[in-house]
Amino acid sequence: MNLLTKLFGSYSKKELKRIEPLKQAVLALDDKYTKMTDEELKGQTAVLKERLSLGSSLDDILPEAFATCREAMWRVLSIKPFPVQIIGGIILHQGRIAEMKTGEGKTFTAALPAYLNALSGKGVHIVTVNDYLAKYQGEMMARVFNYLGLTVGLAIPGMEPDEKKKAYACDITYATNNEIGFDYLRDNMVTYKERKVQRGHNFAIVDEVDSILIDEARTPLIISGQGEQSTELYNVADRFAKTLRPIRVAETNEKEDNDEIYEDYDYIINEKQKTATLTKRGVKKAEQFFSLENLTDPDNITIQHHINQAIKANGIMQRDIDYVVRDGEVIIVDEFTGRLMYGRRYNEGLHQAIEAKEGVKIARESKTLATITFQNFFRLYNKLSGMTGTAMTEESEFSEIYKLDVVEIPTNKPMIREDCPDVVYKTEKGKFNAVINDIIEHHEKGQPVLVGTITIEKSEQLSAMLKRRGIKHEVLNAKYHEKEAEIVAQAGRKGAVTIATNMAGRGTDILLGGNAEFMARAEMRRMQFSEELIGEASAYGYTDDEEILNARKTFAELNKKYKAEIAPEAEEVRKLGGLYIIGTERHESRRIDNQLRGRAGRQGDPGKSRFYISLEDDLMRLFGGDRIQTIMDRLNVDEDMPIEASILSNTIENAQKKVEGRNFAIRKNVLQYDDVMNRQREIIYEQRDRVLNGDNVKPQIMSMIDQAIEANVKRFLPENTLHDDWDLRGLRDHYLGWMVNPDELHYEGQAFEDLEQQTVIDFLKERAHKLYDLREKAFTPPIMREVERVVLLKNVDTQWMDHIDAMDELQKGIRLRAYGQQDPVIAYREEGFDMFDAMIDTIRENTARMILTVRLKTPEAPKREAVAKETGTTSSDTPAVKQPVRNNGKKPGRNDPCPCGSGKKYKKCCGRNES
Ligand code: ADP
């Protein structure tokens with residue numbers, strides 16, 4: 001204990017003192033609630049809800065709610081939370097981290113604040129690390145919560161969205177961290193509000209909070225999907241492009257507006273605008289090459305797009321100027337600085353087209369569709385809390401990243417485990433020999449030994465050594481939760497030797513003498529009960545199924561039988577000193593070491609722990625510094641000679657602190673990058689929600705149309721430049737066919753000289769608004785509103801997914817760049833926001849175009865569903881939303897293509913009912 005702590009008492013002690021009266025208030029109510037009838041007790045839920053509705057706060061009703069829940073747990077599960085569990089529960093309710101040692105009963109602790117907070121009706125999420133724990137705890141506690149009139153749901157992988165939605169609608173939902181995060185991401189990809197499964201993020205209690213918020217925080221959750229459906233089309237389009245004859249022009253302007261000039265060429269390269277456009281001849285060739293009737297038909301939009309990118313890649317993009325090829329990769333050259341922009345990719349398939357051109361591998365079949373870090377996901381909650389046996393060492397990270405403080409909760413019974421000082425060996429071989437001898441020595445006495453290793457490889461190595469010495473043992477590593485739990489549960493039996501990686505079976509209680517429940521289940525397996533029934537037998541879900549009730553009876557009897565059998569063995573093991581934990585290496589993080597130790601000495605049990613270290617361990621080699629080696633050399637120790645490490649323990653701890661600091665920095669770094677994305681994600685998700693919620697987006701659409709027009713006019717007719725430099729033809733081409741006719745936007749002589757940018761803007765805006773009004777009238781306003789939502793959603797999704805992917809690449813590449821003094825995170829933020837702005841421009845442009853051109857295939861409202869399927873592909877066409885086929889207002893002939901754009905003949909489509 002350092003001097004400061006001695007003088008002022010620790011932070012936790014002070015905090016505990018502060019909530020002591022609250023704890024007393026809960027305990028004081030015990031008598032009153034014990035005396036209640038079942039009906040009265042159940043009625044408390046309504047009573048408390050009523051108080052909330054009359055203006056009481058959750059804090060006000062805490063004592064009564066906790067007391068109600070405690071008494072209900074007693075009546076349903078024959079368990080009454082201990083005073084320390086009440087303290088833990090209060091800490092959780094306050095949105096903090098309760099550090100409670102293994103075996104202190106965190107499941108029951110969490111129940112108290114869960115009940116209290118669920119009374120608000122806004123939902124409580126209890127988050128655990130694996131499905132098995134979520135299911136087990138959820139079912140057990142559901143009995144208590146159901147008794148009190150609350151609903152409980154379970155959200156784990158493999159459930160149908162409908163079931164999930166029900167689970168999240170419950171008062172309390174048990175879920176795994178991955179699933180709950182993925183559900184959030186998936187919810188932001190749905191096309192209808194009703195498809196969302198979650199209903200907000202009110203209060204989360206995170207079990208094993210260090211594991212979820214720290215260990216897993218380095219890798220974000222990612223939903224990836226099939227990217228470009230076929231990269232092959234890029235190759236084909238490239239082959240085609242290479243057969244074409246281009247003509248280079250400085251610019252296309254009025255004087256060159258003559259198709260005849262281009263008669264002998266297939267595409268026009270406009271060097272100034274950096275565009276490449278097929279000529280009539282080129283279009284014809286394409287139709288031949290791809291066996292198409294009409295390249296410009298909306299159904300061929302994908303091919304069109306690939307051809308456009310291929311001619312751009314071949315005609316405009318120049319190797320060693322715009323990009324370089326290095327190690328089979330196409331890398332963009334920054335046009336201003338000449339720097340290689342590792343990881344950046346041209347969008348909209350241009351990068352792939354260049355890859356096809358250069359004959360390198362066309363990158364990425366799958367692409368990131370949605371992603372979030374756990375840090376940012378859990379920060380969504382209005383209130384977040386957590387519990388774990390080991391949080392103190394990461395106190396500063398919890399407070400800095402999550403604004404969570406850690407309070408150490410005292411154990412229910414005094415802790416009597418003996419933690420021996422480390423022993424250090426010069427070589428790993430010497431260390432392992434000593435470990436084996438130590439295991440055997442304790443094993444021969446009958447004391448159970450649990451050996452923790454850092455890697456699977458090391459656990460197998462140890463296992464082989466034990467086998468050679470003829471010692472029976474179990475090996476497990478973190479792969480199969482359920483089986484793991486079975487094995488770890490018996491690690492406290494007399495004479496048991498269990499080798500486990502540190503995380504294996506975490507969350508399972510190791511009981512001295514053995515775990516009766518697990519033995520009962522094994523017995524039922526021998527009795528030929530099905531796995532499903534065994535699962536149900538020890539579960540708590542309500543049922544009137546005879547078979548299950550029978551299985552539960554058998555389970556209860558066997559459990560009782562084994563408990564009785566175990567009692568003397570437990571006593572014996574206790575006398576032998578309880579569970580002995582051997583750590584075979586110090587982990588990078590002290591917290592993980594503490595977890596391993598924490599498996600012994602639960603609930604006042606005896607126990608012992610010791611770590612073995614060698615100078616060849618990674619931690620010592622990389623971070624130990626030379627000090628230890630010098631000491632060892634000076635002492636002239638040989639391989640098998642241990643040094644009790646009191647002199648070295650500071651060095652070891654410092655090495656761990658060094659690594660912990662480094663890992664924290666890495667996690668912070670991941671977060672800094674995700675924070676950039678987070679801001680963008682918020683904007684996009686909010687936009688999506690508005691669409692999903694059915695808000696009227698017309699004003700937004702109108703403003704997008706106007707802004708797109710302004711941007712385009714400014715691009716083609718730049719301000720403060722000579723009229724000669726204007727590209728009026730380019731502008732006309734851009735709008736030709738859907739906004740302007742071939743004879744419009746022509747200005748000659750003086751008229752051209754006098755032309756003002758604003759005139760063109762006004763003209764186009766007026767045209768767009770007129771077109772819009774016509775469409776709205778034709779579709780009817782309600783359908784137009786839905787069309788707007790569909791189009792906006794589709795465009796936002798498509799562009800956003802491309803953007804995420806591009807950001808991903810940017811992040812990967814940015815660290816490789818030579819930045820000199822510039823902080824890569826800042827560069828990422830700046831470039832990321834530039835890319836975001838560019839994406840918004842594209843959304844605007846595409847939305848405007850689509851709104852003014854879509855055709856409805858059927859008279860019904862368009863289905864977003866069909867649109868959603870299309871997102872993530874390059875096609876801007878969808879089954880329900882089609883580009884127009886113009887027929888100049890004439891009624892089509894029966895064998896003509898249907899004007900609705902379905903691609904079918906008129907008589908087989910909209911003209912079906914005409915005679
Ligand atoms: P943790 O998750 O904190 O390691 P568990 O929730 O697995 O602990 O509980 C450990 C053991 O202690 C379980 O067998 C549980 O039944 C028991 N236990 C916890 N709290 C109580 C209590 N208040 N009364 C009786 N037994 C309890």
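So for the range 305-315 (the condition being of a type in the set (Val, Ile, Thr), outside the structural domain of residue 716 (by TED's automatic domain parsing) and modelled with pLDDT of 90 or more), does at least one residue qualify? Step through it out loud before you land on a result.
Looking only at the range 305-315, we keep the residues that are of a type in the set (Val, Ile, Thr), and these are 307, 311.
Subsequent filtering for residues that are outside the structural domain of residue 716 (by TED's automatic domain parsing) retains 307, 311.
Applying the additional criterion that residues be modelled with pLDDT of 90 or more yields 307, 311.
Yes; the residues of the range 305-315 include at least one that is of a type in the set (Val, Ile, Thr), outside the structural domain of residue 716 (by TED's automatic domain parsing) and modelled with pLDDT of 90 or more.
Looking only at the range 516-537, how many residues end up being of a type in the set (S, T, N, Q) and touching a residue at least 40 places away in the same chain (Cβ under 8 Å)? Working first, answer last.
Here is the first cut: in the range 516-537, the ones of a type in the set (S, T, N, Q) are 528, 530.
Among the residues that remain, those that are also touching a residue at least 40 places away in the same chain (Cβ under 8 Å) are: none.
Residues flagged as of a type in the set (S, T, N, Q) and touching a residue at least 40 places away in the same chain (Cβ under 8 Å) within the range 516-537 amount to 0.
Any residue in the range 742-761 that is on the phi > 0 side of the Ramachandran plot and of a type in the set (Gly, Ala, Ser) sitting within a Cβ distance under 7 Å of a residue that is surrounded by 11 or more Cβ atoms within 10 Å (Cβ to Cβ) and at pLDDT below 85? List the pairs, counting only those 6 or more apart or interchain.
none
For residues in the range 366-398 being over 18 Å from residue 176 (Cα atoms) and polar (S, T, N, Q), which is farthest from the ligand (Cβ to nearest atom)?
We begin by selecting, within the range 366-398, every residue over 18 Å from residue 176 (Cα atoms); these are 366-370, 382, 389-398.
From what is left, the residues that are polar (S, T, N, Q) are 366, 368, 382, 390, 393, 396.
Details: 366: 38, 368: 35, 382: 25, 390: 11, 393: 18, 396: 24 Å.
Ranking the candidates gives 366 first.
Matching residues to (1) over 27 Å from residue 276 (Cα atoms); (2) β-branched (Val, Ile, Thr); (3) open to solvent by less than 80 Å² (accessible area, probe 1.4 Å):
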{"site": "718", "(1), (2), (3)": "no, no, yes"}
{"site": "726", "(1), (2), (3)": "no, no, yes"}
{"site": "749", "(1), (2), (3)": "yes, no, yes"}
{"site": "761", "(1), (2), (3)": "no, yes, yes"}
{"site": "772", "(1), (2), (3)": "yes, no, yes"}
{"site": "777", "(1), (2), (3)": "yes, no, no"}
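Could you please find all residues in the range 71-93 being within 13 Å of the ligand (Cβ to nearest atom) and either in contact with a Pro (Cβ under 7 Å, 6 or more places away or on another chain) or not in a helix (DSSP H, G or I) (or both)?
Once the filter is applied, which keeps residues that are within 13 Å of the ligand (Cβ to nearest atom) and either in contact with a Pro (Cβ under 7 Å, 6 or more places away or on another chain) or not in a helix (DSSP H, G or I) (or both), the range 71-93 yields 73, 78, 79, 80, 81, 82, 84, 89, 92.
Residue by residue, here is whether (1) under 17 Å from residue 439 (Cα atoms); (2) open to solvent by 10 Å² or more (accessible area, probe 1.4 Å); (3) outside any helix (DSSP H, G or I); (4) at pLDDT 90 or above holds:
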position: 471; (1), (2), (3), (4): yes, yes, yes, yes
position: 479; (1), (2), (3), (4): no, yes, yes, no
position: 485; (1), (2), (3), (4): no, no, no, no
position: 518; (1), (2), (3), (4): no, yes, no, no
position: 524; (1), (2), (3), (4): no, no, no, yes
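In the range 409-438, how many residues are surrounded by 20 or more Cβ atoms within 10 Å (Cβ to Cβ) and within 16 Å of the ligand (Cβ to nearest atom)?
Number of matching residues: 2.
Six or more apart or on different chains, Cβ under 8 Å: which pairs go from a residue in the range 660-672 that's on the phi < 0 side of the Ramachandran plot to one that's crowded, with 18+ Cβ neighbours inside 10 Å and not in a helix (DSSP H, G or I)? Could you list them?
Final answer for the pair search is 660/588; 660/589; 663/588; 663/589; 667/214; 670/220; 670/373; 671/373.
Could you say which residue among 116, 112 is more than 13 Å from the ligand (Cβ to nearest atom) and either at negative phi or in contact with a helix residue (DSSP H, G or I) (Cβ under 7 Å, 6 or more places away or on another chain) (or both)? Give the derivation first.
On the way: 112 fails: more than 13 Å from the ligand (Cβ to nearest atom).
Checking each option against the conditions leaves just 116.
If I filter the range 572-579 for residues that are over 30 Å from residue 212 (Cβ atoms), open to solvent by 50 Å² or more (accessible area, probe 1.4 Å), more than 16 Å from the ligand (Cβ to nearest atom) and without any contact (Cβ under 8 Å) to a residue 40 or more places away in the chain, do I get at least one hit?
yes
Could you list, in sequence order, all residues of the range 94-109 that are open to solvent by 10 Å² or more (accessible area, probe 1.4 Å) and either more than 13 Å from the ligand (Cβ to nearest atom) or not assigned by TED's automatic domain parsing to the domain that holds residue 73 (or both)?
Of everything in the range 94-109, those that are open to solvent by 10 Å² or more (accessible area, probe 1.4 Å) and either more than 13 Å from the ligand (Cβ to nearest atom) or not assigned by TED's automatic domain parsing to the domain that holds residue 73 (or both) turn out to be 94, 95, 96.
Looking at 688, 785, which is the one that is in contact with a Leu (Cβ under 9 Å, 6 or more places away or on another chain), buried (at least 17 other Cβ atoms within 10 Å of the Cβ) and farther than 27 Å from residue 274 by Cα? Working first, answer last.
Values: 785 fails: in contact with a Leu (Cβ under 9 Å, 6 or more places away or on another chain).
Criteria check complete, one pass: 688.
All but one of (1) within 13 Å of the ligand (Cβ to nearest atom); (2) in a strand (DSSP E or B); (3) farther than 26 Å from residue 600 by Cβ hold for residue 153; state the number of the condition that does not hold.
Of (1) within 13 Å of the ligand (Cβ to nearest atom); (2) in a strand (DSSP E or B); (3) farther than 26 Å from residue 600 by Cβ, only one is false for residue 153: (1).
When the range 145-170 is examined, which residues are found to be in contact with a helix residue (DSSP H, G or I) (Cβ under 8 Å, 6 or more places away or on another chain), over 22 Å from residue 59 (Cβ atoms) and of a type in the set (A, V, I, L, M)?
Scanning the range 145-170 gives 152, 154, 155, 156, 159.
May I ask you to say which residue of 165, 135 is over 18 Å from the mean Cα position of the chain (by Cα) and modelled with pLDDT of 95 or more?
Values: 135 fails: modelled with pLDDT of 95 or more.
None of the other options fit; the residue is 165.
Suppose we filter 168, 132 for residues that are open to solvent by less than 10 Å² (accessible area, probe 1.4 Å) and assigned to a helix (DSSP H, G or I); which single one remains? Quick ask: steps written out before the conclusion?
Working: 132 fails: open to solvent by less than 10 Å² (accessible area, probe 1.4 Å).
Of the residues listed, the single one that is open to solvent by less than 10 Å² (accessible area, probe 1.4 Å) and assigned to a helix (DSSP H, G or I) is 168.
The values are calculated or read from the model by the stated rules, or taken from the named source; none is laboratory data. Keep in mind it's a predicted model, so treat the numbers as computed, not measured. In this analysis, Cβ positions are derived from the backbone assuming ideal geometry, glycine residues included, and neighbour counts consider all displayed protein chains. We work out accessible area using only protein heavy atoms, side chains counted, and drop any ligands, DNA or RNA first. Shrake-Rupley method; radii C 1.70, N 1.55, O 1.52, S 1.80 Å.
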